[in-house]
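Input: a single structure, listed below in structure tokens.
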Amino acid sequence: MASLPTDGFGAALLAYIRSGAEIAHFGAFLVPDLADPQPALSVWSGQMSDYWFNINARRITSHDTLRRDFVDRIRRAPPGGLVIDRWHPPENDPRAPIYARDGVIERVSVASRVGRGGFVSFYLRGKQSGWLSEDDLARLRAVLPLAHELIGLRHRLTGTQGTTASALRTAAVEPFTALSPREAEVCDHAVRGVSVAGTALALGVSENSVRTLRKRAWRKLGVGSATALAALVLSDRG
């Protein structure tokens, strides 16, 4: 509870979830409007890097079938209640390659309704831990309702994870809609104080490419420095 508005919230919540059963990663998505499902990553934590988790999230939320899956889960949730289920991807599922690459064997999800939309949170079990036993599931069912409630509370306090330029672009907030996905990623790193060299390493591009992307993004946003960029992101978050 104390970590709700802080960057340490994800790690603290994952530690709590692991009091029920070993979970490698968790993530939560908000769908603001079921009539026009555009899932947005709210918070996540786990063993993989920010870079790969966000890549996975973008792949999942850009797939029509998977967006419909979000909607179906939320619509099954009763008013004021939750739907908790266990799942693993069949071979022909578009998530199967992602799960295999990341060493994930199965998933437990929680869905709830909020206004015209809702939340879906996912708890991923690593292959090294083996399949969840019935005792594991029983313990998870004891802790996941509170975990899901805390995710929703944190979202009301802080918005989507980090409220980044990428999130503002996805939410169609001006002037961030003018950015390309790559320009938005470079802005996200700049706001977090990551150097040109560090950004190049994280994105797998040259430092000159990062400088060019920064220059283009800052021109589109009307800012001249990372400090001004951060102020713009924070003002739009408010």
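The values are calculated or read from the model by the stated rules, or taken from the named source; none is laboratory data. Nothing here was measured: the structure is a model prediction, and the numbers come from that model. Cβ coordinates were reconstructed from backbone atoms using ideal geometry, including for glycine residues, and neighbour counts include every protein chain displayed. Ligands, DNA and RNA are excluded from the accessible area calculation, which covers all protein heavy atoms including side chains. Shrake-Rupley method; radii C 1.70, N 1.55, O 1.52, S 1.80 Å.
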(request) Any chance you could count how many residues in the range 81-127 are part of a loop (DSSP other than H, G, I, E, B), without any contact (Cβ under 8 Å) to a residue 40 or more places away in the chain and over 16 Å from PRO39 (Cβ atoms)? (result) 7
(request) Restricting attention to the range 176-205, report how many residues are in a helix (DSSP H, G or I) and under 20 Å from the mean Cα position of the chain (by Cα). (result) 16
(request) Please work out if ALA57 is of a type in the set (A, V, I, L, M, F, W, C) and free of Cβ contacts under 8 Å to residues at least 12 places away in the same chain. (result) no
(message) Can you go through GLU149, GLU134 and tell me which one is within 24 Å of TYR16 (Cβ to Cβ), out of contact with any strand residue (DSSP E or B) (no Cβ under 9 Å at 6 or more places or on another chain) and open to solvent by 70 Å² or more (accessible area, probe 1.4 Å)?
(response) GLU134
(message) Can you list residue pairs whose Cβ atoms sit under 8 Å apart, with the first residue in the range 173-196 being closer than 16 Å to ALA228 by Cα and the second being among the aliphatic types (A, V, I, L, M) and not in a helix (DSSP H, G or I)? Count only pairs 6 or more apart in sequence or on different chains.
(response) CYS187/LEU179
(request) Mind listing whichever residues of the range 24-38 are open to solvent by 10 Å² or more (accessible area, probe 1.4 Å), assigned to a loop (DSSP other than H, G, I, E, B) and either of a type in the set (Phe, Trp, Tyr) or in contact (Cβ under 8 Å) with a residue 24 or more places away in the chain (or both)? (result) PRO32, ASP33, LEU34, ALA35, PRO37, GLN38
(request) Only residues that are out of contact with any Leu (no Cβ under 8 Å at 6 or more places or on another chain), farther than 10 Å from SER112 by Cα and either among the aliphatic types (A, V, I, L, M) or open to solvent by 40 Å² or more (accessible area, probe 1.4 Å) (or both): list them for the range 77-89, please. (result) TRP87, HIS88
(request) Look at PHE119 and say whether it is aromatic (Phe, Trp, Tyr), buried (at least 21 other Cβ atoms within 10 Å of the Cβ) and under 17 Å from the mean Cα position of the chain (by Cα). (result) yes
(message) So ILE74 passes all but one of these: (1) surrounded by 15 or more Cβ atoms within 10 Å (Cβ to Cβ); (2) free of Cβ contacts under 8 Å to residues at least 40 places away in the same chain; (3) in a helix (DSSP H, G or I). Which condition number does it fail?
(response) (2)
(request) With the condition kept exactly as written, say whether any residue in the range 94-109 is modelled with pLDDT under 90, open to solvent by less than 70 Å² (accessible area, probe 1.4 Å) and among the hydroxyl-bearing types (Ser, Thr, Tyr). (result) yes
(request) Just give me the residues in the range 1-23 being farther than 23 Å from ALA100 by Cα and either of a type in the set (Val, Ile, Thr) or not in a loop (DSSP other than H, G, I, E, B) (or both), in sequence order. (result) THR6, PHE9, GLY10, ALA11, ALA12, LEU13, ALA15, TYR16
(message) Anything in the range 1-20 that is open to solvent by 60 Å² or more (accessible area, probe 1.4 Å) and either among the charged types (D, E, K, R) or in contact (Cβ under 8 Å) with a residue 60 or more places away in the chain (or both)? List them, or say none.
(response) MET1, PRO5, ASP7, TYR16, ARG18, SER19
(request) Name the single residue, out of those in the range 129-164 being outside any helix (DSSP H, G or I) and of a type outside the set (Ser, Thr, Tyr), that is modelled with the lowest pLDDT. (result) GLY159
